[in-house]
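Below you'll find the structure, written out as structure tokens, and then a few comments.
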Amino acid sequence: MTVIADAPVAGAPTGREEAWRFTPIARLRGLHDSVEGAVGAQVAVVTSPVAAFAHVSTDSLPAASGPIEWPAALARAASTQSGVLTIPAHSDSAVPTRVTVTGTGADSTVLTHLVIVAERGSRSVVVITHEGSITLSANIEIQVGDGADLTVISIHDWANDSVHLGRQHAVLGRDARFRSLIATLGGDVVRIVPTVEYSAPGGDAELLGVFFAEAGQHIEHRLLVDHSQPHCRSSVAYKGALQGDGAHSVWIGDVIIRADAVGTETYEINRNLLLTEGARADSVPNLEIETGNVASAGHASTTGRFDDEQLFYLQARGIDPETARRLVVRGFFAELVSRIADDEVAAHIIGSIEEKLGDAPLDEGTI
Amino acid sequence: MSILNIHDLHVQVESDAGVREILRGVDLTIESGQTHAIMGPNGSGKSTLAYTIAGHPKYTVTQGSITLDGVDVVSMTVDERARAGLFLAMQYPVEVPGVSVSNFLRTSVTAIRGEAPKLRDWLKELKAAMAALSVDPKFAERNVNEGFSGGERKRHEILQLDLLRPRFAVLDETDSGLDVDALKVVAEGVNRVREATDIGVLLITHTTRLLREIPAEFVHVFVDGRIVADGGPELADEIEASGYERFLGAPATS
Ligand SMILES: Nc1ncnc2c1ncn2[C@@H]1O[C@H](COP(=O)(O)OP(=O)(O)OP(=O)(O)O)[C@@H](O)[C@H]1O
Ligand SMILES: [Mg+2]
């Protein structure tokens, strides 16, 4: 096995690289190798109970930390302006800060760069909603200060023609807690790379995700949690459902526990549910341990089918096929979503998935 | 009063090995309030009959009819049959991951009754029904049949029978795999429904163990895809004592 946290290859990916082998490069509208002519979209902050938001020149920010792939580095370099959301030290707000990114058409290339700084001891929730039609290369950089508790929920509810390459990198300070929920609900090609590193001991990262891939869509999540500090925790759980011909999801969960990261606790799991024939879910958990002293480490991956026997069972209890499928999908996702999202956000995510369920005709036998 | 009528039923199944006729002319009439038992050797087609009544898509009716109060059942979808009042307690209930028992039962009850029960009433009703079948309340939050033991699955089937109160219920080997105490609990559950409603019951079983708890006034012997003998409780005792030998190769009754 290669060292999973190796620096990414310099230069535009061709599709032969390990990290790009699943991605349909030809459908990226060139985002992988050039962002010329791209516009920097204004990231709109809708509500912000405590956070301060400012646009700053990207040059004034420190260099990106953590591994960064070529297309993300290109987009970062070309984003002259960055939106910086600062959550003041020791502030505490249950009301989420809401950020939206709205696409207005797939033909123009858009770059965004958002920095979220949760200062020491703060507690807050940020909800970023992505909607519309877009060709986007996005960087989100997150700093969770010492003792801070930050939740970031990213909802990618794109129109079917959207292309989105996204990097989301979080750095956790001492005893920091970072919770992330990524919901990718549509788009032609969406490839999200959530990565986490720890700058001090005691950090705790919970990374959750849900995704729904429809016919012809490619939905990819590649996670990397880099345990380089002692006594940190990470817990990763992603669930995906797929429906329709050529629906394809990719989930890669890389966790590395370096020699100094003694006392690490980590667990990662990916569950996929195939709702129809013709859909494919690739799922690859990787756990690399370089110390003999971990507290616990594990991973799991399952891909199952909602099959005719389950449908028969539910139908035999009077439940019509449409409701049966809704019941199964809702049950599959709800528990995970509600671990992090409040009722309103959970309703948005589940509602959006249920809408898509109606898209596929129920044919005899298969559902 | 309702009548479930099965007439000259021929059913085939398509498998990798080709098309095969499994039911070869079944005649059976069950009226409200009656309890019938079917006994027959392994592989004779008992579960096929049960699944065909429920409408499992693997089984194709090629001849004959199933009617409920004169209304054709064969052309109904699976869920329509359930809503019409037919219930099958399955021999091998399947797991439905991701769906909790409480959510499943409420959805099912809503579909069958035509309206959602009020949440407070429902929680009470569910709690009482679970207690009556000695089902641990924790099961409400578990996923349907997931990790249930064989006996727990059977109890869960009867819990549904109790909540759904169908007009006719087919119980496919509900007794198999149950220990002595569980058998009593399950039989009491069925008997409660029999006393409270005028349900018609078809018990599929291999032993008289269940029939001692749930008396059936009609007993039918099922061999090779058809009923070959009809009688009362004494027929069950005879089978338990001497097996099916005298029925093998017998012509169909009726
Ligand atoms: N879906 C199927 N595909 C292929 N063969 C089937 C299928 N269902 C039933 N059969 C065959 O039909 C015959 C009758 O099966 P069935 O399950 O109805 O028997 P049974 O009387 O219920 O037996 P048991 O007492 O063991 O439960 C068997 O030979 C079985 O292998
Ligand atoms: Mg059987």
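The residues in region B:39-72 that are surrounded by 19 or more Cβ atoms within 10 Å (Cβ to Cβ), within 9 Å of ligand 1 (Cβ to nearest atom) and of a type outside the set (Ser, Thr, Tyr) can be counted, and the count is 6.
Among the residues of region B:110-123, at least one is buried (at least 17 other Cβ atoms within 10 Å of the Cβ) and within 10 Å of another protein chain (Cβ to nearest Cβ). Counting the residues of region A:241-266 that are open to solvent by less than 10 Å² (accessible area, probe 1.4 Å) and either touching a Gly at 6+ places or on another chain (Cβ under 8 Å) or in a loop (DSSP other than H, G, I, E, B) (or both) gives 7. The residues in region B:8-22 that are near ligand 1 (Cβ under 8 Å from one of its atoms) and in contact with a strand residue (DSSP E or B) (Cβ under 8 Å, 6 or more places away or on another chain) can be counted, and the count is 4.
For region B:200-219, how many residues meet the condition of being open to solvent by less than 60 Å² (accessible area, probe 1.4 Å), in a strand (DSSP E or B) and among the hydrophobic types (A, V, I, L, M, F, W, C)? Residues meeting the conditions: 5.
Per-residue answers, yes or no, for (1) among the polar types (S, T, N, Q); (2) modelled with pLDDT of 95 or more; (3) under 21 Å from A:Val190 (Cβ atoms):
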position	(1), (2), (3)
A:Gly15	no, no, yes
A:Pro24	no, yes, yes
A:Thr47	yes, no, no
A:Val56	no, no, no
A:Leu74	no, no, yes
A:Ile87	no, yes, no
A:His90	no, yes, no
A:Ser93	yes, no, no
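If you check A:Ala341 against the conditions, is it open to solvent by 20 Å² or more (accessible area, probe 1.4 Å), closer than 30 Å to A:Val95 by Cβ, in contact with a helix residue (DSSP H, G or I) (Cβ under 8 Å, 6 or more places away or on another chain) and aliphatic (A, V, I, L, M)?
Criteria not met by A:Ala341.
Whenever a residue of region B:177-201 is touching a residue at least 60 places away in the same chain (Cβ under 8 Å), it has no partner that is open to solvent by 30 Å² or more (accessible area, probe 1.4 Å) and of a type in the set (Ser, Thr, Tyr) lying with C-beta atoms less than 8 angstrom away and at least six residues away or across chains.
Scanning region B:73-105 for residues that are over 19 Å from the mean Cα position of the chain (by Cα), surrounded by fewer than 21 Cβ atoms within 10 Å (Cβ to Cβ) and more than 7 Å from chain A (Cβ to nearest Cβ) returns B:Ser75, B:Ser102. The conditions of being open to solvent by 20 Å² or more (accessible area, probe 1.4 Å) and in contact (Cβ under 8 Å) with a residue 12 or more places away in the chain are not met by A:Arg191. Among the conditions (1) touching a Lys or Arg at 6+ places or on another chain (Cβ under 8 Å); (2) part of a loop (DSSP other than H, G, I, E, B), the only one that A:Asn270 does not satisfy is (2).
Residues in region A:176-212 that are under 21 Å from A:Tyr267 (Cβ atoms) and basic (Lys, Arg): A:Arg177, A:Arg179. Of everything listed in (1) open to solvent by 20 Å² or more (accessible area, probe 1.4 Å); (2) away from chain A (no Cβ under 14 Å), the single unmet condition for B:Ala129 is (1).
Conditions tested, residue by residue: (1) closer than 16 Å to A:Leu111 by Cα; (2) crowded, with 17+ Cβ neighbours inside 10 Å; (3) out of contact with any Ser or Thr (no Cβ under 7 Å at 6 or more places or on another chain).
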residue: A:Glu36; (1), (2), (3): yes, no, yes
residue: A:Gly40; (1), (2), (3): yes, yes, no
residue: A:Ala44; (1), (2), (3): yes, no, no
residue: A:Val50; (1), (2), (3): no, no, no
residue: A:Phe53; (1), (2), (3): no, no, yes
residue: A:Ser60; (1), (2), (3): no, no, yes
residue: A:Ser65; (1), (2), (3): no, no, yes
residue: A:Glu69; (1), (2), (3): yes, yes, yes
residue: A:Ala77; (1), (2), (3): yes, no, yes
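All conditions but one from (1) outside any strand (DSSP E or B); (2) buried (at least 23 other Cβ atoms within 10 Å of the Cβ) apply to A:Leu165; the one that does not is (1). Whether a residue is within 16 Å of ligand 1 (Cβ to nearest atom) and within 14 Å of chain A (Cβ to nearest Cβ) was assessed, and B:Leu210 does not pass this test. Restricting attention to region B:12-27, the residues being in contact (Cβ under 8 Å) with a residue 60 or more places away in the chain and within 16 Å of ligand 2 (Cβ to nearest atom) number 3.
Condition check ((1) within 16 Å of ligand 1 (Cβ to nearest atom); (2) closer than 21 Å to A:Gly318 by Cβ; (3) more than 14 Å from chain A (Cβ to nearest Cβ); (4) not in a helix (DSSP H, G or I)) across all residues:
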{"residue": "B:Pro166", "(1), (2), (3), (4)": "no, yes, no, yes"}
{"residue": "B:Asp175", "(1), (2), (3), (4)": "yes, no, yes, yes"}
{"residue": "B:Ala187", "(1), (2), (3), (4)": "no, no, yes, no"}
{"residue": "B:Asp198", "(1), (2), (3), (4)": "no, yes, yes, yes"}
{"residue": "B:Val221", "(1), (2), (3), (4)": "yes, no, yes, yes"}
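Here are the criteria: (1) open to solvent by less than 50 Å² (accessible area, probe 1.4 Å); (2) over 26 Å from B:Leu210 (Cβ atoms). Tell me which single one B:Ile30 does not satisfy. Result: B:Ile30 passes all but (2).
Selection of region B:5-32 for residues being charged (D, E, K, R) and part of a strand (DSSP E or B) yields B:Asp8, B:Glu14, B:Arg20, B:Glu21, B:Arg24, B:Asp27, B:Glu31. Could you tell me whether B:Ala182 is over 17 Å from the mean Cα position of the chain (by Cα) and either open to solvent by less than 20 Å² (accessible area, probe 1.4 Å) or within 16 Å of ligand 1 (Cβ to nearest atom) (or both)? When the stated conditions are applied, B:Ala182 passes them. Residues that are more than 14 Å from chain A (Cβ to nearest Cβ) and either assigned to a helix (DSSP H, G or I) or buried (at least 20 other Cβ atoms within 10 Å of the Cβ) (or both) within region B:138-153 comprise B:Lys138, B:Phe139, B:Gly150, B:Gly151, B:Glu152, listed in sequence order.
Among residues of region A:302-325 that are more than 13 Å from B:Thr77 (Cβ to Cβ) and more than 7 Å from chain B (Cβ to nearest Cβ), those with a beta-carbon under 6 Å from a residue that is open to solvent by 50 Å² or more (accessible area, probe 1.4 Å) and of a type in the set (Lys, Arg) at least six positions away or on a different chain give the pairs A:Thr302/A:Arg271. Meeting the requirement of 3 or more residues that are within 16 Å of ligand 2 (Cβ to nearest atom) and farther than 30 Å from A:Gly331 by Cβ, the helices (runs of 4 or more DSSP H) wholly within region B:33-137 are B:46-54. Within region B:1-25, which residues are over 22 Å from B:Ala84 (Cα atoms), open to solvent by less than 60 Å² (accessible area, probe 1.4 Å) and of a type in the set (A, V, I, L, M, F, W, C)? Within region B:1-25, B:Val13, B:Ile22, B:Leu23 meet the criteria.
Inspection of region A:121-131 identifies at least one residue that is buried (at least 21 other Cβ atoms within 10 Å of the Cβ) and assigned to a loop (DSSP other than H, G, I, E, B).
The values are calculated or read from the model by the stated rules, or taken from the named source; none is laboratory data. Predicted, not measured: the structure shown is a model, and the values here were computed from it. Neighbour counts run over all protein chains shown; Cβ positions are idealised from the backbone, glycine included. Calculation scope for accessible area: heavy atoms of the full protein, side chains included, ligands and nucleic acids excluded. Shrake-Rupley method; radii C 1.70, N 1.55, O 1.52, S 1.80 Å.
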